[in-house]
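The structure under discussion appears below in the form of C-alpha cells.
The values are calculated or read from the model by the stated rules, or taken from the named source; none is laboratory data. Given the structure is predicted, the values throughout are model-derived calculations rather than measurements. Don't worry about glycine lacking a Cβ; one is built from the backbone with ideal geometry, like all the others, and counts go over all protein chains shown. Remember, those area values only see protein heavy atoms, side chains included, never the ligands or the DNA or RNA. Shrake-Rupley method; radii C 1.70, N 1.55, O 1.52, S 1.80 Å.
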Amino acid sequence: MELNDANLQTLTEFLRKTLDPDPAVRRPAEKFLESVEGNQNYPLLLLTLLEKSQDNVIRVCAAVTFKNYIKRNWRIVEDEPNKVSDLDRTAIKANIVHLMLSSPEQIQKQLSDAISIIGREDFPQKWPDLLTEMVTRFRSGDFHIINGVLRTAHSLFKRYRHEFKSNELWSEIKLVLDTFALPLTELFKATIELCQTHATDVNALKVLFSSLTLISKLFYSLNFQDLPEFFEDNMETWMTNFHCLLTLDNKLLQTEDEEEAGLLELLKSQICDNAALYAQKYDEEFQPYLPRFVTAIWNLLVSTGQEVKYDLLVSNAIQFLASVCERPHYKHLFEDQNTLTSICEKVIVPNMEFRSADEEAFEDNSEEYIRRDLEGSDIDTRRRAACDLVRGLCKFFEGPVTAIFSGYVNSMLAEYAKNPGVNWKHKDAAIYLVTSLASKAQTQKHGITQANELVNLSEFFVNHILSDLKSPNVNEFPVLKADAIKYVMIFRSQLPKEHLLQAVPLLISHLQADSTVEHTYAAHALERLFTMRGPNNTTLTNYKVGIIRIFTLVGIVNPSKPHFNHYLFESLCLSVRITCKANPATVSSFEEALFPVFTEILQNDVQEFLPYVFQVMSLLLEMHSNSIPASYMALFPHLLQPALWERTGNIPPLVRLLQAFLEKGSATISSSASDKIPGLLGVFQKLIASKANDHQGFYLLNSIIEHMSPESITQYRKQIFILLFQRLQSSKTTKFIKSFLVFVNLYCVKYGAIALQEIFDTIQPKMFGMVLEKIIIPEVQKVSGAVEKKICAVGITKILTECPSMMDTEYTKLWTPLLQALIGLFELPEDDSVPDDEHFIDIEDTPGYQTAFSQLAFAGKKEHDPIGDAVGNPKILLAQSLHKLSTACPGRVPSMLSTSLNAEALQFLQGYLQAASVQLV
C-alpha cells in the first residue's frame, strides 16, 4: 500500500464504516481492514491519519485501530512469518514518541499503550534510544508532554513489580536507572517547587499533582526489585518530599464528590504504598525516616473521614502500619498498651464498621459485593486492611490485642442486644472483628486452618451465630445472616462436627432468602461443607433430601442469580456423586425428586438452567449400570429438537447427555426408538458444519460408532462419510482434521480395516488411497491426547496388517509411509502448528441473548477409552500384528521394510519387536 492520498481516503472511509451500528456495514469494513493489515505501509497510513485527519472521530478511531494492530502483530513468533515489515517497524519507532507527545490526551493514551507494547518486545535491545528520546522531553517544560512521557514510562516499567529475578531483568533495570533515575529526581524536585509557586492556581495544581502521582508510581516500580544505589544515595530528597506531600492539605484540591478519589488522595495513597515497600524490603536503610512516616500516616488515618473516596488512601495507610508492625525491628513502636488501645479504637474499629456505602453495595450491587467479600478481591477495602493490621499486631502482641478487642466485641454485642433493629451494625462489626482476631492461616479448600487459641470459636458460634441461623425469618437482618453463614463457611475446619451438622439444615433454609448475597453465601457454604470428608459422609447424606427439596423450591424462581445457581447445582452434583458412590441404589431417589423439577425447567424453557440440568442428568444417567430407565427414554426425543441446539451454551452438556444415552441405552434406542436415529444424526450434521462446534459433533459420532449395533446404523454409514468429506472440501481446519483422524481410526477399530477401505472406495474409486496419502500419513502427527493417539495407533495398525488391499494393489506403495507415520506418532513430538488463518476461528453469529455454558466441577466426567484394556501398549500390538502378517506372507514384510523405511524408524521398530519377543519372517 502506497502512502498516498487515495489510500488515506479509502482507509478513512473503511474506518468510518467500522463505527456503523449496522453489522451489514460494519463487518465487511472490519474484514477489509483485516485483509490489508499485512501490507507494507498499513500502520504508517494509520499514523498519518491520526496525525493529519481533520475529523477527530477518525483520528481517535485510527489511534485505537493502530494500537490493536500493534497488539496483534508486533511480537515476532519463532517459525512464523514477520507480520510487520522491518521498514514499517523502523518508521514506527522513529515517529511514534513524537506523535504521542504532540497528540491530544485521548489519542496520546492509545499511542502510549502502543509504545509500551512495542517496548515490552523491543526495549532495550532493539530500541536503545527510546528512553533518551523520552527523557529529553522533560526539558520541554510542557506538562502535557511530560505527563505523556511519565504515563508511557509507567506502562513500560510497572512490569518490574511482577517479573521474576533474572540477569536480563537486572541489566534492563540498570540501563533504565542510569538513563532515567536522575532526570526523574530532578523533575520530582522541580514539580514540587512549581506546586509551591502555583499554590493558588487550581488548574496548574491539577496537572502538577497528576505528574507527582505518576512520578510516585514510577518510584515504586523502579525500587520494587531491589534498592538501587541511586535512590539510596538520594533517599533524603525523596523521603523528605514524600513526607511533606503526605502532610499537605490544599483546599483547592479537595473534591466535593464523595465517591471518587481526588488527586490529593491518589497521590497520598501511592506514597503510603512507597513507604510500605521501603518498610518491608529496605527496613535498615529506611529506619531513620520511619518514625516520621508512622506519625504522619497515623495522623492521616485519624483525621480522614468515612467517605468512599478515601477508601484507597485509608486502606494503603493501614497496610503501611500492618507491614511495619510485623517487622521485629519496629516492634518497640507498638509495645505500649496505650498505643495498642489507641490503634484499636481510632484505626481498626472505625474501619471495620459497615458503612452506608457497604449497605448499598450489599443490596444493589450484590455481585460486586460477593466478589470482594467472598472471592478475595477485597484487597483495597478498609475492612481487609484493618483485618490485616489485626493479624500483624497479633504476631507479637496476641495476648494484649485479644484482650483489648474482646472488650470491644463485648461492648458491641451489648449495644446490639439493647436494640437489635437499630444497632445491628454493631454485631456485624463484632463478628468481623472476631473473624480477624481468630484467623491465622487460611486456604480455599479448608477455610481457616490455623486459629488464635485465645478465641473460643465454638462458644461464639453457640452464643452469637446460631441465633441468626435459626431465626425463622430468613429475610430479617440479611447482613447478619450473611455474616453468620460466612462464619460457618470459613471456620468449618475449626468448628466441632456437631455444630456443622446443626448448621446444614439451617443453611438450606437460607437458600430461600430474598437477599442475593445471603442465598449465594448459603449455596457456597453448603458446597464447601459437602467437600469436607467425614466418616460415612455424614454431613452430606443426612441432608440429601433437604437439598433436593430446597432446590425444587428455589431453583425455578431464581434464574437471575448466577453465583447462587452455580453453587446450588455444584452442591447438588456433589451430593449425587458422594451419596451414589456410597450407595448406588440412591440414584433412583434423586431421580424421583429431581425429574419433576427438570421437566418443569424444560417445559418453561428456563434458559439459564438448561445447561446445568443437562449436566446433572448426565451425571445421574452415568451412575446407572448398562440399562436406561423409561423416564429417560421419554425425554430422549425432546433432546433432539433443533431449538435446543441453537443455543451455544446447551451444546457441550447436551452432547454429553446424548453420549450417556448411547453408552447406557444403545440397545433400547435401536429397538424402541430407531425412528429417532435420523434425528440423532441430524444433530451430528448440524454440529460438524460449525467450526466452533465440530469437535462436539465428533464426540457424538464416536459414541454412535462405539455403542450402537452395526445393523442399526448400516444404512446411514455412507452418508456420514459423505458429510465429512463435504466439510473437508469446504473448510478444512486443523481441529477438524484431528477429530476426523480419530473418528476414521475408531471406525476401523470397531468395524475392521476391510470395512473402512470398502466404504471409502464405494463413495469414490481409489478414495481410500487418497485419504491415506493426503490426510492420515501427513497429518496424524497433529493428533493430541493419550486416548486419541492410542485409537489412531490401533486403527493404523489394523490398516497395515488386516487389510489385504494394502499388500496386493496400488495401495501397497502407501504401506511403508503409513508405517513410518505410525512410528512417528509413537516417537516424535506432537505437531502443534496451526495455520495463521486459524488462530481466531470465527464463532458463528448467535442472534440475541445466549446463555453461556458453565462447567460444573462436581459433574465432571472421566476421560473414556473406547479400546480400554483390550490393548495395553499399542507398540507391542504393532509388533505382534506385523509378526502375524509376516507369518501369513513370508518374506514380504522384511523386504518392504529394508527397501523404504528410514533407518531411525527401523531401529525403533526393532525395539518394539524385541519388547514383544517376536520376529518377522
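Here residue 789 is the anchor, and the lysines within straight C-alpha reach of less than 21 Å, apart from those fewer than 8 places off in the same chain, are 732, 735, 738, 750, 774, 798, 861, 862, 875. Amide H contacts of residue 439 (H built 1.01 Å from N, in plane; Pro and chain starts excluded): 452 sit under 5 Å, all sequence-distant by 5 or more or on other chains. The 3J(HN,Hα) values that the Karplus relation (6.51, -1.76, 1.60; θ = phi - 60°) gives for the range 426-433 are, in residue order, 5, 5, 4, 5, 4, 5, 5, 5 Hz. Gly and Pro appear as x.
With runs of 4+ DSSP H residues as the only contributors, calculate the mean residue ellipticity of the chain at 222 nm using -39,500 (n - 2.57) per run, divided by the residue total and rounded to the nearest 500. Helix contribution divided over all residues of the chain: -22000 deg cm²/dmol. If you take all other residues with their beta carbon under 15 Å from the beta carbon of residue 300, and give Lys and Arg +1 and Asp and Glu -1, the sum is 0. Ordered from highest to lowest accessible area with the whole protein assembly present and a 1.4 Å probe, 670, 898, 315 read as 898, 670, 315. Between helix 42-52 and the chain, what is the angle of the helix's C-alpha long axis to the longest principal axis, kept within 0 to 90° and rounded to the nearest 10? Roughly 30 degrees between the two axes. Across the chain, the fraction of Cα-Cα pairs farther apart than 38 Å, rounded to a whole number, is 63%. Highest mean first, the peptides 674-687, 602-615 sorted by other C-beta atoms within 10 Å per residue fall in the order 602-615, 674-687. Protection proxy ranking for 733-745, 35-47, using the average of other Cβ atoms within 10 Å per residue and placing the highest first: 733-745, 35-47.
Relative to the longest principal axis of the chain, what angle (0 to 90°, nearest 10) does the C-alpha long axis of helix 516-530 take? Computed tilt is about 60 degrees. Peptides 485-491, 84-90, 59-65, ordered by how many other C-beta atoms sit within 10 Å of their residues on average, highest first, read 485-491, 59-65, 84-90. Per-residue 3J(HN,Hα) values for the range 350-358, derived from phi via the Karplus relation 6.51 cos²θ - 1.76 cosθ + 1.60 with θ = phi - 60°, read x, 8, 9, 5, 7, 8, 4, 5, 5 Hz in sequence order (x marks Gly and Pro).
So, counting K/R as plus one and D/E as minus one, what does the shell of residues with Cβ under 15 Å around residue 908 add up to? That sum, taken over residues with Cβ under 15 Å, equals -1.
Evaluate the relative contact order of the chain (contact order divided by residue number), counting alpha-carbon pairs under 8 angstrom at least 6 apart; express in whole percent. Relative contact order comes out at 5 percent.
Taken one residue at a time, the phi angles of the range 815-827 give Karplus couplings (6.51, -1.76, 1.60, θ = phi - 60°) of 5, 5, x, 5, 5, 4, 5, 5, 5, x, 4, 5, 10 Hz. Gly and Pro are set to x. Percent relative contact order of the range 266-410, based on C-alpha pairs within less than 8 angstrom and at least six residues apart? Taking the mean separation of contacting Cα pairs over the length of the range 266-410, I get 30 percent. Only lysine pairs 8 or more places apart, or on different chains, with alpha-carbon atoms under 27 angstrom apart are counted in the range 409-498, and they number 25.
Other residues whose C-beta falls under 14 angstrom from the C-beta of residue 483 contribute a net charge of -3, scoring Lys and Arg +1 and Asp and Glu -1. For the chain, the longest principal axis of the C-alpha atoms and the axis of helix 290-303 are separated by about 90°. Solvent-accessible surface of protein heavy atoms, probed at 1.4 angstrom with all chains present, puts 570, 706, 360 in the order 360, 706, 570, largest first.
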